[in-house]
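Only one structure is covered here, and it is reproduced in the block below.
The values are calculated or read from the model by the stated rules, or taken from the named source; none is laboratory data. Not measured: the values here are computed from a predicted model. Cβ coordinates were reconstructed from backbone atoms using ideal geometry, including for glycine residues, and neighbour counts include every protein chain displayed.
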Amino acid sequence: MSMTRRDTMLAGLAGSALLAAATDADAAKPAAGGKVKPTPEQQKLIDAARDVRQRAYAPYSHFQVGAALETEDGTIFKGCNVENLSYGATICAERNAVFQAVAAGHKKFKAIAVIADLPTPITPCGMCRQVLGEFGGEIQVICTNLKKDVMVSSVGAMLPAAFDFDPTKYK
């Protein structure tokens with residue numbers, strides 16, 4: 001069995017750090033057997049992400065991803081990945097959800113859940129982390145898979161050295 005860099009991160013110290021990064025008030029708690037049990041609020045987002053995942057357009061990779069983003073006022077926006085033959089035109093589920101929320105006038109987010117069919121919980125790609133980071137490092141990220149394994153972190157913990165540019169400092 002080959003071990004990828006992602007597997008190593010999730011299995012090792014970085015994986016433990018990601019789990020510990022969520023605030024105690026909002027974190028999923030370990031249940032019997034050591035599995036993380038999502039809170040009811042987190043489960044609502046996971047369920048919404050699982051639902052929209054089925055509508056992903058992935059004719060090339062066949063890798064379906066769903067995301068559900070909760071705004072500050074409790075509104076939930078769902079997004080799925082939409083592939084394109086020109087791979088650069090593909091959009092990830094997380095960015096799809098964020099862009100829909102912004103188009104509807106929302107810019108403050110509490111949490112996002114992401115789900116895919118992987119052996120371990122899926123995590124947002126770097127581009128999605130950067131887009132989420134645009135709206136705050138404190139956004140909770142609930143990563144899961146179809147086996148119901150759950151990992152909870154924050155955007156800031158997942159992207160500690162995010163690109164940050166303040167043009168007012170350079171005028």
Worksheet item: Only one residue in ALA101, ALA161 is under 21 Å from GLN43 (Cβ atoms), aliphatic (A, V, I, L, M) and either crowded, with 17+ Cβ neighbours inside 10 Å or modelled with pLDDT under 95 (or both), so which one is that?
Response: ALA101
Discussion item. So in the range 143-158, with the set limited to residues that are polar (S, T, N, Q) and in contact (Cβ under 8 Å) with a residue 60 or more places away in the chain, which one is surrounded by the most Cβ atoms within 10 Å (Cβ to Cβ)?
Written reply: THR144
Fill in: Selection within the range 24-81 - modelled with pLDDT of 95 or more, assigned to a loop (DSSP other than H, G, I, E, B) and surrounded by 15 or more Cβ atoms within 10 Å (Cβ to Cβ)
PRO38, THR39, ALA56, ALA58, GLN64, ASN81
Practice prompt. Please go through the range 124-142 and pick out each residue that is touching a strand residue (DSSP E or B) at 6+ places or on another chain (Cβ under 6 Å) and either touching a residue at least 60 places away in the same chain (Cβ under 8 Å) or among the β-branched types (Val, Ile, Thr) (or both).
Written response: ILE139, GLN140, VAL141, ILE142
Fill in: Positions within the range 82-123 being polar (S, T, N, Q) and part of a loop (DSSP other than H, G, I, E, B), in sequence order
ASN84, SER86, THR90, THR120, THR123
